[in-house]
Amino acid sequence: MEKIIQFLKDAKAELWKVNWPTKEQTINYTLLVIGISIAVAIFLGSLDWFFEYLLKTFVLK
């Protein structure tokens, strides 16, 4: 039981050392992730549409 208590104390001490991002940084990083996710989705969706068009036009006549 003593090891568990010591582990929790050490974990708490380490969490106080963490350099947490500010609210503004968190918002900016979140918007960046959302933007990149949307861009990748559009890119992959356009590739899917393009290859589907090629298959329907030239292969599956």
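Brief remarks follow.
- The residues listed here are Lys12, Lys56; of these, the one that is surrounded by 10 or more Cβ atoms within 10 Å (Cβ to Cβ), charged (D, E, K, R) and part of a helix (DSSP H, G or I) is Lys56.
- Any pair with Cβ under 8 angstrom, 6 or more apart, that starts in the stretch 1-22 at a residue that is without any contact (Cβ under 8 Å) to a residue 24 or more places away in the chain and ends at one that is surrounded by 10 or more Cβ atoms within 10 Å (Cβ to Cβ) and in a helix (DSSP H, G or I): Pro21/Tyr29
- Some residue of the stretch 20-28 being out of contact with any Ser or Thr (no Cβ under 6 Å at 6 or more places or on another chain) and modelled with pLDDT under 95: yes
- Selection over the stretch 22-32 of residues that are of a type outside the set (D, E, K, R) and either exposed (fewer than 10 other Cβ atoms within 10 Å of the Cβ) or in contact with a helix residue (DSSP H, G or I) (Cβ under 7 Å, 6 or more places away or on another chain) (or both) gives a count of 1.
- Evaluation of Lys61 against (1) over 25 Å from the mean Cα position of the chain (by Cα); (2) modelled with pLDDT of 95 or more; (3) among the charged types (D, E, K, R) (one fails), failing number: (2)
The values are calculated or read from the model by the stated rules, or taken from the named source; none is laboratory data. Because the structure is predicted, anything quoted here is derived from the model rather than measured. Cβ: placed from backbone, ideal geometry, glycine included. Neighbour counts: every protein chain shown.
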